[in-house]
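Undergrad: Below you will find the structure I want to go over with you.
Any read-out appearing in this document is the output of simple, stated calculations on the displayed coordinates, not a laboratory observation. Predicted model only: the values in this text are computed from it and were never measured. Reconstructed Cβ throughout: ideal geometry from the backbone, glycine too, with neighbour counts over all protein chains shown.
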Amino acid sequence: MYLSEYIVRMHHEYCLQAPVQEMQQAPVYPWQPQGGQVKAITKEYFRCKGASHNPPNIIVKDGKEVARFYDCSGSDRHSLPLQDDKEFVYPILIDLLNHIQKTTQKNVHVTSGHRCIAHQAFMDPSAKGSSSKHLIAAEVDFYVQGLEEQPLKIIQIIMDYYKDEAKEYKTFQRFDKETDVTTAPWLNKEIFIKLYKKREGRNFDNRHPYPYISIQVRFDRQKNERVTFSPDQAHRLLRK
Ligand SMILES: [Zn+2]
């Protein structure tokens, strides 16, 4: 049997009119930069990007598992490197990133700042990885949002930061030895700049499709000494 129901309308009833929709601006959330302003880079941007839910990095040789590296439990479980019992990121890195933001009025996106020992080993268990300056927060990888494809412009801005300084700072040389990038890096007394093109230097922290820039600190101006460290020192740096 077919059941149906009639919808009836009385003569004084009328169809509801839907109000006309007006275009509205999307709300601006507090964490978004407002009014074209960029938010200052602080040490918070350098926290380790490790997370315990990442699957282990399994090293296979001749079809056999030879090693397995687990990621760290995340930056809320360990500190940034400590200096004099305070969390420490090399200030020149923070200054340079803020200088880029001020000049471009665009946001710098830090893809890799500090890496704890576990996160570094998870990303790159090679001996070279264990000497990465990311371990002591003396290295940063980043790109600039809105200028992703113009890294050379950003590198020029970095060099311009030093334009009124002494010769060993304002003069940048090219590094002609072999590295993991095809563009010869730039260096002055204080920093070493590398450009990773679209297909270079892809790693766990840099899974984005853009070229990126890495800055390493070579010389600590406050202490007036070269920036070096042993893996053992990197181990002792963190507060659990
Ligand atoms: Zn970590």
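Undergrad: Given the rule -39500 (n - 2.57) for each run of at least 4 DSSP H residues, summed and divided by the residues of the chain, what is its mean residue ellipticity at 222 nm, to the nearest 500 deg cm²/dmol?
TA: The helix-only estimate for the chain comes to -4500 deg cm²/dmol at 222 nm.
Undergrad: Run the numbers on the chain and let me know its relative contact order in percent, using alpha-carbon pairs under 8 Å that are six or more apart.
TA: It rounds to 18 percent for the chain.
Undergrad: Here's something else I'd like to know. How far apart, in nanometres, would the label points at Asn224 and Asp85 be if each is projected 7 angstrom from Cα along the Cα-to-Cβ direction?
TA: 2.7 nm
Undergrad: Here is a follow-up. Per residue and in Å³, how big is the convex hull formed by the alpha-carbon atoms of the range 70-145?
TA: 106 Å³
Undergrad: Distance cut-off 25 Å, Cα to Cα: go down the list Lys86/Lys133; Lys61/Lys197; Lys43/Lys223 and report the pairs above it.
TA: Lys61/Lys197
Undergrad: Taking the Cα atoms only, what angle lies between the long axis of helix 91-104 and the longest principal axis of the chain, rounded to 10 degrees?
TA: Here the helix axis deviates by roughly 50 degrees.
Undergrad: Another question about this same structure. Take every Cα-Cα pair in the range 43-236 and report what % of them are more than 23 Å apart.
TA: 44 percent
Undergrad: For the residues Asp84, Asp164, what sequence is obtained by ranking on other C-beta atoms within 10 Å, fewest first?
TA: In increasing order of surrounding Cβ atoms, one gets Asp84, Asp164.
Undergrad: Just need the relative contact order of the range 86-166 here, percent rounded to a whole number, with Cα pairs under 8 Å and 6+ apart.
TA: Across the range 86-166, relative contact order equals 38 percent.
Undergrad: Helix 151-160: angle to the longest alpha-carbon principal axis of the chain, degrees 0 to 90, nearest 10?
TA: For helix 151-160, the angle is close to 50 degrees.
Undergrad: State the extension gain, in nm to one decimal, for the chain segment bounded by Glu149 and Ala51, taking 0.36 nm per residue of separation less the distance between their alpha-carbons.
TA: Full extension of this stretch gives 32.4 nm more.
Undergrad: Okay, next question. If you rank Met159, Met10 by fewest surrounding Cβ atoms within 10 Å, what's the result?
TA: With the sparsest Cβ surroundings first, the list reads Met10, Met159.
Undergrad: Could I ask something else about it? Could you work out which residue, out of Ala166, Ala18, Ala40, moves most in a Gaussian network model of the chain, that is, has the largest mean-square fluctuation with Cα springs under 10 Å?
TA: Sorting by GNM fluctuation, first place goes to Ala18.
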